[in-house]
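Enquirer: Right, I'll just put the structure down here and ask away after.
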Amino acid sequence: MNKSIKASQGGFTLIELIVVIVILGILAATALPKFASLSGEARLASLNAAKGALAATSAMTRGKYLVSPVSPINVEGTSVTMNTASGYPAVTTDTSTAANIALAAGLAKTDYTVYTEGAATTTRPVVAANQFAVVPVSIAGTAAAVNCYVLYNAPTVANTAPTITVGNGTTAVTPANCE
């Protein structure tokens with residue numbers, strides 16, 4: 001007995017395919033704005049990490065200085081000038097002192113721009129004497145750099161730790177500031 005079984009062909013109709021494409025388009029349009037704002041959050045997280053790295057480097061160099069009070073201190077091949085009054089890294093008018101502290105903290109020049117003493121402009125934060133600001137390279141030189149940075153304030157008196165803040169310490173930095 002020979003029965004022939006006809007294979008049935010299955011597939012989607014053109015209408016069904018168009019409906020699926022329209023639904024995917026609507027989902028993509030609603031999800032896209034959520035992903036677009038992630039760059040500000042990523043920069044803010046990066047700044048918090050930079051703040052921690054600067055604090056750790058500052059504490060480590062202070063410990064090395066207390067053991068052997070010699071300035072400068074070599075950290076990972078980078079020469080960090082110490083403030084002999086406070087025992088913490090010094091920030092002087094020589095821009096290399098700030099850049100070296102940032103390098104010792106692992107903040108590479110390809111990722112961060114270091115700003116030393118100078119007035120605020122439309123593209124850089126205000127930085128006073130004994131301070132430096134670290135700004136992500138992706139926004140350095142833009143209006144976002146004015147509000148999205150880490151500020152290192154070096155101590156000038158004994159037994160005082162540096163103050164390291166994200167932003168100026170008085171106004172909270174938000175992901176929107178870092179867009």
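The values are calculated or read from the model by the stated rules, or taken from the named source; none is laboratory data. It should be emphasised that the depicted structure is a prediction, and the values quoted were computed from it without experimental measurement. Note: ideal-geometry Cβ built from the backbone for every residue, glycine included; neighbour counts use all protein chains shown.
Enquirer: Filtering the range 77-97 down to residues that are of a type in the set (Gly, Ala, Ser) and without any contact (Cβ under 8 Å) to a residue 40 or more places away in the chain, which residue is nearest to Gly118 (Cα to Cα)? Talk me through it step by step, then tell me what you get.
Expert: Initially, the range 77-97 is screened for residues of a type in the set (Gly, Ala, Ser), giving 77, 79, 85-87, 90, 96.
Applying the additional criterion that residues be without any contact (Cβ under 8 Å) to a residue 40 or more places away in the chain yields 77, 79, 96.
Working: Gly77: 28, Ser79: 24, Ser96: 15 Å.
By that ranking, first place goes to Ser96.
Enquirer: Pull out all pairs, ordered by first then second residue, where Cβ-Cβ is under 6 Å, the residues are six or more apart or on different chains, the first lies in the range 47-66 and is more than 17 Å from Ala108 (Cβ to Cβ), and the second is hydroxyl-bearing (Ser, Thr, Tyr) and assigned to a helix (DSSP H, G or I).
Expert: Hits for this filter: zero, empty list.
Enquirer: Then there is this: Name the residue, out of Leu44, Leu103, Leu24, that is aliphatic (A, V, I, L, M), modelled with pLDDT of 90 or more and in contact with a Cys (Cβ under 7 Å, 6 or more places away or on another chain). Can you show your working first?
Expert: Numbers: Leu103 fails: in contact with a Cys (Cβ under 7 Å, 6 or more places away or on another chain); Leu24 fails: in contact with a Cys (Cβ under 7 Å, 6 or more places away or on another chain).
Step by step, each of Leu44, Leu103, Leu24 is checked, and only Leu44 is aliphatic (A, V, I, L, M), modelled with pLDDT of 90 or more and in contact with a Cys (Cβ under 7 Å, 6 or more places away or on another chain).
Enquirer: Could you run through the range 157-179 and say how many residues are in a loop (DSSP other than H, G, I, E, B) and either of a type outside the set (A, V, I, L, M) or out of contact with any strand residue (DSSP E or B) (no Cβ under 7 Å at 6 or more places or on another chain) (or both)?
Expert: Step one: of the range 157-179, the residues in a loop (DSSP other than H, G, I, E, B) are 157-162, 167-174, 179.
Checking which are either of a type outside the set (A, V, I, L, M) or out of contact with any strand residue (DSSP E or B) (no Cβ under 7 Å at 6 or more places or on another chain) (or both) leaves us with 157-162, 167-172, 174, 179.
Residues in the range 157-179 being in a loop (DSSP other than H, G, I, E, B) and either of a type outside the set (A, V, I, L, M) or out of contact with any strand residue (DSSP E or B) (no Cβ under 7 Å at 6 or more places or on another chain) (or both): 14 in total.
Enquirer: Next up: Can you tell me which residues in the range 147-165 are surrounded by fewer than 19 Cβ atoms within 10 Å (Cβ to Cβ) and among the aliphatic types (A, V, I, L, M)?
Expert: Listed by number, the residues that qualify are Val157, Ala158, Ala161.
Enquirer: Now for a different question. Return the only residue of Ser79, Ser96 being outside any loop (DSSP other than H, G, I, E, B), over 13 Å from Leu54 (Cα atoms) and modelled with pLDDT under 90.
Expert: Numbers: Ser79 fails: modelled with pLDDT under 90.
The match here is Ser96.
Enquirer: Still on this structure, please answer the following. Only one of (1) at pLDDT 90 or above; (2) surrounded by fewer than 19 Cβ atoms within 10 Å (Cβ to Cβ); (3) aliphatic (A, V, I, L, M) is not met by Ala120, so which one is it?
Expert: (1) is the only condition that Ala120 fails.
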